[in-house]
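Following: one structure in structure tokens, then a few remarks.
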Amino acid sequence: MEKEKHYLVAVFDDQDDFLHGVEHIRHAGVKIQEAFTPYPVHRLEDALGYERSLMPVAAFCFGALGTTFAITMQTSMMAIDWPMIIGGKPFLSIPDFVPVSFECTVLFAAFGMVGTFLFSNDLKPYKVPKIFDIRSTDDKLVLAIDLAKNSLSEDQIKMILKEAKAEEVYRKDFTEEENEGSFIKYLIDLFNNGVTRSSRQLS
Amino acid sequence: MQVISEVREPLVTGGKTIKDVTEDICKQVEAPPTKLWLLCFTGSVLTLAIGGLFVGDMLWNGIGKWGLNKTVQWAWDITNFVWWVGIGHAGTLISAVLMLFRQKWRTSINRAAEAMTIFAVMCAAIWPVMHMGRPWIGAYWVFPLPNTYGSLWVNFNSPLLWDVFAIGTYFSVSLVFWYIGLVPDFATIRDRATNAVSRFFYGFLSLGWDGSAKTWMHYEAVSLVLAGLSTPLVLSVHTIVSMDFATSVIPGWHTTIFPPYFVAGAIFSGFAMVLTLMLVIRKVYKLEHYVTMEHIEMMNIIIIVTGSIVGIAYTTEFFIAWYSGVEYEQYAFINRMFGPYWWAYWAMMTCNVISPQLFWIKKIRTSLMWTFVLSIVVNIGMWFERFVIIVTSLHRDYLPSSWVMFSPTIHDIMSYVFSFGLFFTLFFLFAKFFPVINMAEVKSVWKESNSKMYRARRTISNADVPKEDRVEVHV
């Protein structure tokens, strides 16, 4: 793996220009590393050619697990381990088990899916975000292009980005340290002198 | 292609740009607390503390401090429980049900409404916990834990246990839904922060969010599935709450209409509470361009609809009591109307059935003052509804020799005040330190619904817009 990374960053203002721009750039044969947006842009995943999200599948699997868990728990407690006559009902009174089974299904599905989401996207409290342009969480739409992964020259890509109506195009290099952000380092920097070049200056 | 009706008002008015959205919402979080906020917050904490003294006394000496007696074993405690849970329902309705229906106007109110849901459910949860008397061993009564207290496991045939699962799931799923929605906004605040503490704090909460397209794609899928899960969940919660009553054999409780009737009532009171809170936030934080009159009118319309459903439910209950031919049932309803608690019944009828009908008048439903007053009236009415159902059914049961009246003690009243203290303390903390409007979602609907685009669309049919304001639009 390379130690330093070199990127071209393209900044867009309007979401429709951005979507058309992405299509134009990919059509011209430039590989886009990733797009960063302050809000979800619909159809951007199609423009970037991403596969559909499999989160609903995770939700279904965890939900099924929850149902199984709840039915097993209630049956084993009420009918097998300690059967008791309650209101003359049968030990195994399935209709009474429906509400708890439903709630467990929802609980498992929601937590399982969100857990999968956080895990698969590597979202965690001590993660140091790698920020290309600070405005990408405010109002601008940002594209990052990894120069090492493209066969075209930097100037050629710059041309293509300009053609795609990018407002601003500039080069950004990440040192090895910035590339593999360490949380401890981030904290020390934060309370010493403010953080990396990507962030706003601390007052 | 999104097509927006030309008669629909824009969602964000005042010609705001996307940058303005960030600026307007973040500035509330970044600015030092105002005097007004400090005053309100101190007031809430004091209320919580004074209520807490009485709650502590009640826990020390036992719930005999409440005005309950042998006949009326449930009164203010369960009334307050049902009332608070009901209030919570509007938040989920706005964030989940309206999301599934693609109602874009929900984007600027869902954050505060969801926060309200979470805090209201917390306030609701304190009632069953207090009613346990000895809450420190309560875990054995509500969770299926192995123990030696008697019957080994909890009773899965009991609706009270279903409630534990329903409220627990509802609270935790709502919390997760709310938090996931907050993550992108925390990242925005993190990247704007100019002091180390808030950059660390919001950085920690934002989970290293960078807004990459891949994360957004999964995020969207997760939000949609969570909305799909929350919709039946929210309906199940109040259904199960109503089963606490409906599965018993007390006259006035044992009816099949309870689940839909309770759910409608919950949404009704929840929207009233959302309005009360939003009108204050909107005024204090100057968010008139985000929470517009359109939003308020929409919520008022929901109040008319659910208020009318509740009205029909009251009438149906009455009719069925007569039609069933069960004399106990008939007596319970006559007693509600003309018995010793007649004032509670008529307060409920006036506040819940008559007052929301005023919203049919456009002037009233678009008036801030009327909306604010009526939203409070509705919540008073909904509290009385639960009181009427619970106390008037219990105080005169099958055995006339045990007929009694219920009157609250100072501990009943102060426990209720305590729950208000808790609610407002949490809500004021939220309003100061968290973004009160979901910035990412407002930005995502900004383009198709801001006033400039709106005017541009109007130019297609209206030639009277000045030429310089016209924007070329491809529909």
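Over what distance in Å are the Cα centres of the stretch B:354-368 and the stretch B:159-193 separated?
33
Report, in cubic angstrom per residue, the convex hull volume of the C-alpha atoms of the stretch B:91-175. It would help to have the intermediate numbers written out before the result.
Working: hull volume 8.6 nm³, N = 85.
It is 101 Å³ per residue.
Treating the stretch B:363-403 as a set of equal point scatterers at the Cα positions, no solvent, please give the Debye-formula log₁₀ I(q)/I(0) at q = 0.18 Å⁻¹.
-0.60
Run through every distinct alpha carbon pair of the stretch A:55-120 and return the Kirkwood hydrodynamic radius in angstroms, one decimal place.
Working: mean 1/r = 0.0784 Å⁻¹.
Its Kirkwood hydrodynamic radius stands at 12.8 Å.
Please state the charge dipole magnitude for the protein assembly as shown, taken about the Cα centre, from unit charges on C-beta atoms (+1 on K and R, -1 on D and E), reported in debye and rounded to the nearest 20.
Around 1000 debye, computed over the protein assembly as shown.
Could you line up A:Arg43, B:Arg190 from fewest to most neighbouring Cβ atoms inside 10 Å?
A:Arg43, B:Arg190
Over the stretch A:101-150, what lengths in whole Å, largest first, do the semi-axes of the equivalent ellipsoid take, defined as the square roots of 5 times the eigenvalues of the alpha-carbon gyration tensor? Display every interim value, and only then the final one.
On the way: eigenvalues 234, 37, 25 Å².
For the stretch A:101-150, the ellipsoid semi-axes come out as 34, 14, 11 Å.
Checking the a/c ratio against 1.5 first, then a/b against b/c, what shape does the Cα gyration tensor give for the stretch B:376-423?
Details: a/c = 3.81, a/b = 1.72, b/c = 2.21.
Cα axes put the stretch B:376-423 in the oblate bin.
Sorting B:Asp244, A:Asp46 on the 10 Å Cβ count, fewest up front, what's the list? List each step's numbers first, then the result.
Details: B:Asp244 21, A:Asp46 13.
Listed from fewest to most nearby Cβ atoms, that is A:Asp46, B:Asp244.
Report Rg/Rh for the stretch B:4-77, rounded to two decimals, where Rg is the Cα radius of gyration and Rh the Kirkwood radius. Don't skip to the end; give the middle numbers.
Details: Rg = 23.9 Å, Rh = 17.9 Å.
Answer for the stretch B:4-77: 1.34.
Got the relative contact order for chain A handy, in percent, Cα pairs under 8 Å and 6 or more residues apart?
Numbers: 247 pairs, mean separation 89.8, N = 203.
With pairs under 8 Å counted, the relative contact order is 44 percent.
Per-residue Cβ counts within 10 Å, from other chains only, averaged over A:135-145: what number is that?
Numbers: counts 3, 6, 16, 12, 10, 2, 3, 3, 1, 1, 0.
That average works out to 5.
Roughly how crowded by other chains is peptide B:167-179, in terms of the mean Cβ count from those chains within 10 Å of each of its Cβ atoms? List each step's numbers first, then the result.
On the way: counts 1, 2, 11, 3, 0, 4, 7, 1, 0, 6, 2, 0, 1.
Other-chain Cβ atoms within 10 Å of each residue's Cβ, averaged: 3.
When the Kirkwood radius is taken over all Cα pairs of the stretch B:316-391, what Stokes-Einstein diffusion coefficient follows at 37 °C and 0.692 mPa s, in µm²/s? The partial results should precede the final answer.
Values: Rh = 13.7 Å.
Approximately 240 µm²/s, per Stokes-Einstein.
With the dipole of chain B worked out from charges on the C-beta (+1 for Lys and Arg, -1 for Asp and Glu) around the Cα centre, which of B:Leu207, B:Gly181, B:Leu287 lies farthest toward the positive end?
With unit charges placed on the Cβ atoms, the residue in question is B:Leu287.
Taking N as the number of residues in the stretch B:181-228, what value does Rg over Cα atoms divided by 2.2 N^0.38 Å take? Don't skip to the end; give the middle numbers.
Details: Rg = 12.1 Å, N = 48, 2.2 N^0.38 = 9.6 Å.
Compared with the compact-globule rule of thumb, the stretch B:181-228 sits at 1.27.
What does the structure give for A:72-82 when I average, per residue, the other chain Cβ atoms found within 10 Å of the residue Cβ? Please report the intermediate quantities before stating the final value.
On the way: counts 0, 3, 5, 1, 1, 7, 6, 1, 0, 3, 3.
The shielding value for this peptide is 3.
How large is the charge dipole for chain A, taken about the Cα centre, if only the Cβ atoms of Lys, Arg (+1) and Asp, Glu (-1) carry charge, to the nearest 20 debye?
Numbers: 21 positive and 30 negative charges, 72 e Å.
Dipole magnitude for chain A comes out near 340 debye.
Over all pairs of distinct alpha carbons, what does the Kirkwood formula give as the hydrodynamic radius of the stretch B:171-300, in Å? List each step's numbers first, then the result.
Numbers: mean 1/r = 0.0549 Å⁻¹.
One decimal place: 18.2 Å for the Kirkwood radius.
Can you sort B:Trp105, B:Trp37 from fewest to most other Cβ atoms within 10 Å of each residue's own Cβ? Write out the running numbers ahead of the final one.
Numbers: B:Trp105 21, B:Trp37 16.
If I rank by nearby Cβ atoms, fewest first, I get B:Trp37, B:Trp105.
If the convex hull of the alpha-carbon atoms of the protein assembly as shown is projected onto planes in all directions, what is the mean projected area in square nanometres? Walk me through the intermediate numbers first.
Numbers: hull surface 139.9 nm².
Average projection, Cα convex hull of the protein assembly as shown: 35.0 nm².
Where the centroid of each part is defined by its Cα atoms, how far is the stretch A:75-143 from the stretch B:197-238 in Å?
Measuring centre to centre over Cα atoms gives 13 Å.
Any idea what diffusion coefficient the stretch B:226-304 gets from Stokes-Einstein, in µm²/s, Kirkwood Rh on alpha carbon pairs, 20 °C, 1.002 mPa s? Walk me through the intermediate numbers first.
Working: Rh = 14.6 Å.
It diffuses with D of about 146 µm²/s by this estimate.
Any idea what % of Cα-Cα pairs in the stretch B:80-237 are farther than 28 Å? Intermediate values should be presented prior to the final figure.
Values: 4436 of 12403 pairs.
Tail of the P(r) past 28 Å holds 36 percent of the pairs.
How big is the equivalent ellipsoid of chain A along its three axes, where each semi-axis is √(5λ) from the Cα gyration tensor, reported in whole Å from largest to smallest? Before the final figure, lay out each step's value.
Values: eigenvalues 502, 98, 40 Å².
The equivalent ellipsoid of chain A has semi-axes of 50, 22, 14 Å.
Hey, what's the per residue convex hull volume over the C-alpha atoms of chain B, in cubic angstrom? The partial results should precede the final answer.
Numbers: hull volume 85.8 nm³, N = 475.
Roughly 181 Å³ of hull volume per residue.
Per residue, what volume in Å³ does the Cα convex hull of the stretch A:1-101 take up? Provide the component values of the computation, followed by the final result.
Working: hull volume 20.5 nm³, N = 101.
Hull volume normalised by residue count: 203 Å³.
Computed from the coordinates by the stated procedures, all read-outs in this text should not be read as laboratory data. Here the structure is a predicted model, which means the values were calculated and not measured. Quick reminder, even Gly has a Cβ in these numbers, built from the backbone with ideal geometry, and neighbours come from all protein chains shown.
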